[in-house]
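Notes for the one structure printed next.
The values are calculated or read from the model by the stated rules, or taken from the named source; none is laboratory data. Note that the structure is a prediction, hence the values are computed from the model and not measured. A quick note on method: Cβ atoms are made from the backbone with ideal geometry, for glycine too, and the neighbour counts reach across all protein chains shown. We work out accessible area using only protein heavy atoms, side chains counted, and drop any ligands, DNA or RNA first. Shrake-Rupley method; radii C 1.70, N 1.55, O 1.52, S 1.80 Å.
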Amino acid sequence: MAMEIVGLLPIALISAFLVGLSKGGLPAVGMLSVPILAFWINPLTAAAMLLPIYLVSDLYGIWLYRNDFSARNLAILIPSGIVGVGVGYLATPYLSVSAMNAAVGTIGIFYCLRLWFFSKPADGPNVARVPSGLFWGMATGITSFVSHAGAPPFQMYVLPQRLPKLTFAGTATITFAVLNFVKLPPYLALGQFPEMDWLLISGLIVVALAGAWSGSKLTRLLPEKEFFIAIQIALFILSLQLLWRALS
């Protein structure tokens, strides 16, 4: 596997940088990392190779947003997300990744279309409700475990709350950091980790940390309105990508 990845080093570097950008406050961007690699290598190999990069950049992301997060959302999303990871692990032999991608992609597309064309301007931010949060938190955990596609369910729950952009970014970063660490034991139990070139992985981690720093700066520079428009567009594109992957 190491020689295979070395031959695709530019693609691996791009994927690692995208992972970092997601940890810097642009959660939807990280979903592109596995699919980019999966065009050239086995998707499970791509996911397993990137997980150590996720874990290290997660720690940096937590530090970046240590003061910017929604405690209520974390209290709802993290426990339900952990349950979702457990469901994903137990159901892996029976779940169709294509069906999961199709469901998440379709929901994301309809959510964006409804938001852009059919919703009325809200009077103010919505409250983080527990019942819907438990559902979307579980969906985030399951899709994150099965296909590394946890961003759309997360965004469909959190975006309507209209959190300040740094609070949104910090909540996303911390939520996915916890879920990624929880995913490690099940991934090991399923034998998804191939033999890795840890020197190469270390280099990719450095690139990911640079991406996290860049993502943090970009998140802070973008105006609030433009930031959330960018997140919504990213959600729509990624949902289309998930649906395309499922259908093809």
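Heavy-atom accessible area with a 1.4 Å probe sorts LEU200, LEU218, LEU184, LEU242, largest first, into LEU218, LEU184, LEU200, LEU242. Under a 5 Å amide H cut-off, with hydrogens placed 1.01 Å from N, GLY150 pairs with SER144 among residues at least 5 apart or on other chains. Maximal additional length on extending the ARG114-GLU224 stretch stands at 37.5 nm, based on 0.36 nm per residue less the C-alpha distance.
Ordered by 1.4 Å accessible area with all protein chains kept, TYR111, TYR187, TYR94 run largest first as TYR94, TYR111, TYR187. For the pair THR106 and ILE233, a Förster radius of 22 Å applied to the C-beta separation gives a FRET efficiency near 0.80, rounded to the nearest 0.05.
Summing +1 for each Lys or Arg and -1 for each Asp or Glu among the other residues whose beta-carbon sits under 15 angstrom from that of GLY25 gives +1. On a per residue basis, the range 96-248 carries 48 Å² of accessible surface, using protein heavy atoms and a 1.4 Å probe.
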